[in-house]
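Notes follow once the structure below has been shown.
Rule-based calculations on the coordinates, nothing more; no lab input. Since the structure is predicted, the reported quantities are computational estimates derived from the model, not experimental observations.
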Amino acid sequence: MLEHVLQMGPMLVLAGLVAGWVAEVVSRADGHGFIRDLAVGLVGSVVGGATIWVVVSSEAGMLVMFLIGCGGATLAILAQRRFWCSVRLGTTHHVGTVLIPSRPDGGGRAGH
């Protein structure tokens, strides 16, 4: 079992890093930053891959584990994009807060 984990672990790490990099390249304008995308992709890949490995099969090959890792990373990045909005390019989004445009005199407010 240890040998299998040592073979599949790097594939999951590689899949997470690749998915994080692709997410940053594809959504550069509204992304969350290169390091954050890599980290979310890495965590999603390892968690998703480990879950599938334990629940379904521990006999999956390296390519299958890479694809499963990419799927887990993609789901994690999509969840991040959906529930944790970006604060880039002058757009300020906050989860749970409705932003109301400010008046010219600066009297705008943020409501809930």
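How high is the relative contact order of the range 2-86? Use alpha-carbon pairs under 8 Å, at least six apart in sequence, and give a whole percent.
39 percent
No solvent, one uniform scatterer per C-alpha: report log10 I(q)/I(0) for the range 2-86 via the Debye equation at q = 0.16 1/Å, two decimals.
For the range 2-86, the Cα-only Debye profile gives -0.54.
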